[in-house]
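Below is one structure; the comments refer to it alone.
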Amino acid sequence: AVLAHELGHLKCDHGVWLTFANLLTLGSYRLPGLGGFIAQRLEEQLIRWLRAAELTCDRAALLVAQDPKVAISVLMKLTGGCPSMADQLNVDAFLEQAHSYEKASSSPIGWYIRNAQTRQLSHPLPVLRAREIDEWSRSREYRSLLERATQMSM
């Protein structure tokens with residue numbers, strides 16, 4: 001699943017787009033007047049794009065693993081799970097944490113705190129990535145992609 005995630009970055013040309021966005025942002029700083037303001041807005045959008053790119057690659061991992069619990073458990077292990085405790089990881093409890101986090105951040109104050117905590121992160125929070133993997137695994141789009149892949153392999 002980890003390799004599939006990283007190959008997703010390659011397949012989607014994320015490195016190319018990231019390089020272009022970084023050059024554009026750096027160039028904006030050199031503009032007189034509003035250059036700094038423009039560059040800061042570009043940086044904010046770049047960070048948002050980076051988080052979306054990670055979710056895209058989590059989907060690539062799910063397409064390869066074809067089991068959301070496998071993809072999520074790998075994410076849990078990378079998040080800080082100790083190898084000796086791998087058999088104790090509970091995907092359902094992790095997804096429940098995601099639900100609790102969503103519920104806590106649904107109020108205006110919760111949304112503000114969540115935004116302040118995550119606005120500079122290049123990756124979404126692991127529990128939110130797990131929730132996205134789980135939700136996408138139940139989507140029509142995911143099932144359709146799997147069916148197409150099965151038909152192509154026959």
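Bear in mind that the values in this text are calculations on the coordinates, not laboratory data. Since this is a predicted model, take the numbers as computed values, not measurements. Cβ placement follows ideal geometry from the backbone for every residue including glycine, while neighbour counts extend to all protein chains displayed.
For the reader, a short list of remarks on this structure follows.
- Between the beta carbons of residue 113 and residue 38, assuming R0 = 25 Å, the FRET efficiency works out to 0.35 to the nearest 0.05.
- Choice from 66, 40, 97 with maximal GNM fluctuation in the chain (Cα, 10 Å cutoff): 40
- Helix-only [θ]222 nm of the chain, DSSP H runs n ≥ 4, -39500 (n - 2.57) each, per residue, nearest 500: -25500 deg cm²/dmol
- Read-out percent of Cα pairs over 29 Å apart, derived from the coordinates shown; its label in (i) 26; (ii) 11; (iii) 30: (iii)
- Rounded to the nearest whole Hz, the Karplus-based 3J(HN,Hα) values (6.51 cos²θ - 1.76 cosθ + 1.60, θ = phi - 60°) of the range 71-78 follow the sequence 4, 6, 5, 4, 4, 4, 5, 5, with x at glycine and proline.
- Choice from 108, 32, 68 with maximal GNM fluctuation in the chain (Cα, 10 Å cutoff): 32
- Cα-based helix-to-principal-axis angle, 14-29 vs the chain, degrees rounded to 10: 20 degrees
- Residue 143/residue 99 FRET efficiency (R0 25 Å; Cβ-Cβ; nearest 0.05): 0.65
- Our note on the geometry: Cα centres of the range 1-61 and the range 130-154, 26 Å apart.
- Among 129, 59, 119: highest mean-square fluctuation, GNM of the chain, C-alpha pairs under 10 Å: 119
- Additional length obtainable on full extension of the chain from residue 17 to residue 49, 0.36 nm per residue less Cα span: 10.5 nm
- Modelled spin-label separation between residue 150 and residue 2, with each label point placed 7 Å from Cα along the Cα-to-Cβ direction: 3.0 nm.
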